[in-house]
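Down below is the structure, laid out as structure tokens.
The values are calculated or read from the model by the stated rules, or taken from the named source; none is laboratory data. Fair warning: this is a prediction, and the values are worked out from it, not measured in the lab. Virtual Cβ from ideal backbone geometry, glycine too; neighbours counted across all protein chains shown.
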């Protein structure tokens, strides 16, 4: 008597959310529409919210086993750990409230994990937005000049990498390294992937796993986000200096050079204009290359300004940001 095919592994989808009413329903609809034929459950970690996120969750029907767990601290890392603890799947797929996964996302990630033996499989972040400033910010983030050359933004070749967007994890590996670090407000993903790789596990990029991501829609929110990214990247690198990559130094060095240029120009030393003019030309050229996504010159100019917001907020956070005491 021949044995039947090995059953598909169970999958748990975990979603941290805080004030996510604007995007959460689309994210949940995409999770509910997964074609994965194996067992799958979903847990959403709800942080204190004031925008009706709780009402969306109360009415949610995903066609899968679904639960909501309270995340009183509001921390993304704590929410993820709570949701993971409340589920039982052999594989854990992280999805954010701002993300929309394709219908075969879970099925393909599970197959890629089985084929490669990786402990974490992830794909490409594709910023999307409607029009106006939001579309300009999305185009800036999609540009290699904007948010940098990390492979989860620009990668086209499958293989091992340092980090991926979101992530589909082997639960045993995730538990072995201790889950997400709850002392980090930002940069938890990169830090977790660093610990996985440091323990000998593989983090794998599958470029076919493309996830739509809704970015911040105002310069103010974008600046706050990237200032925090820079602040917590410094904290993470201080703890794990071997995880440093050349791209991490670009924005801090640029910000420091701009500050030095401002001092020189204040003293009427005109060579101080070299860095600002060079940056303006580079940003303008990169903004022009977004013309396939942004037809209007006004929107391309907005994308150029978004580049500056991303770079100098990240650099300022890295150089001068202070970690909140509560963390």
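Here's a check for you: in region 146-164, which residue that is within 19 Å of residue 222 (Cα to Cα) and touching a residue at least 60 places away in the same chain (Cβ under 8 Å) is surrounded by the fewest Cβ atoms within 10 Å (Cβ to Cβ)?
So in region 146-164, the residues within 19 Å of residue 222 (Cα to Cα) come out as 146-150, 153.
Filter again for touching a residue at least 60 places away in the same chain (Cβ under 8 Å), leaving 146-150.
Details: 146: 24, 147: 24, 148: 18, 149: 13, 150: 19.
Applying the filter and picking the extreme gives 149.
Do we have any residue at all in region 200-215 that's in a loop (DSSP other than H, G, I, E, B) and without any contact (Cβ under 8 Å) to a residue 24 or more places away in the chain? Lay out the reasoning, then the answer.
Kept after step one, since they are in a loop (DSSP other than H, G, I, E, B), are these residues of region 200-215: 200-202, 214-215.
Restricting the remaining residues to those that are without any contact (Cβ under 8 Å) to a residue 24 or more places away in the chain gives 200.
Yes, region 200-215 has at least one match.
Name the single residue, out of those in region 238-283 being outside any helix (DSSP H, G or I) and within 31 Å of the chain's Cα centre (by Cα), that is farthest from residue 312 (Cα to Cα). Before the answer, list the steps.
Going through region 238-283, the residues outside any helix (DSSP H, G or I) turn out to be 240, 244-245, 267-269.
Then keep just the ones that are within 31 Å of the chain's Cα centre (by Cα); that gives 240, 244-245.
On the way: 240: 23, 244: 19, 245: 18 Å.
Here the answer is 240.
I'm checking my understanding of the structure. Among residues of region 308-326 that are closer than 16 Å to residue 237 by Cα and surrounded by fewer than 22 Cβ atoms within 10 Å (Cβ to Cβ), which one is modelled with the lowest pLDDT? Let's see the steps before the verdict.
Residues of region 308-326 that are closer than 16 Å to residue 237 by Cα, as a first pass: 314-323.
Retained after the next criterion (residues that are surrounded by fewer than 22 Cβ atoms within 10 Å (Cβ to Cβ)): 316, 319-323.
Values: 316: 93, 319: 92, 320: 88, 321: 81, 322: 76, 323: 65.
Only one residue tops the list, namely 323.
Could you please find all residues in region 134-144 being buried (at least 20 other Cβ atoms within 10 Å of the Cβ) and either in the same structural domain as residue 94 (by TED's automatic domain parsing) or touching a helix residue (DSSP H, G or I) at 6+ places or on another chain (Cβ under 8 Å) (or both)?
Passing the criteria: 135, 136, 137, 139, 140, 141, 142, 143.
Taking residue 259 as meeting all but one of (1) surrounded by fewer than 19 Cβ atoms within 10 Å (Cβ to Cβ); (2) touching a residue at least 24 places away in the same chain (Cβ under 8 Å); (3) closer than 30 Å to residue 183 by Cβ, write down the number of the exception.
With (1) surrounded by fewer than 19 Cβ atoms within 10 Å (Cβ to Cβ); (2) touching a residue at least 24 places away in the same chain (Cβ under 8 Å); (3) closer than 30 Å to residue 183 by Cβ applied to residue 259, the lone miss is (2).
For region 263-295, how many residues are farther than 30 Å from residue 129 by Cα and either surrounded by 12 or more Cβ atoms within 10 Å (Cβ to Cβ) or touching a residue at least 40 places away in the same chain (Cβ under 8 Å) (or both)?
Of the residues in region 263-295, 6 are farther than 30 Å from residue 129 by Cα and either surrounded by 12 or more Cβ atoms within 10 Å (Cβ to Cβ) or touching a residue at least 40 places away in the same chain (Cβ under 8 Å) (or both).
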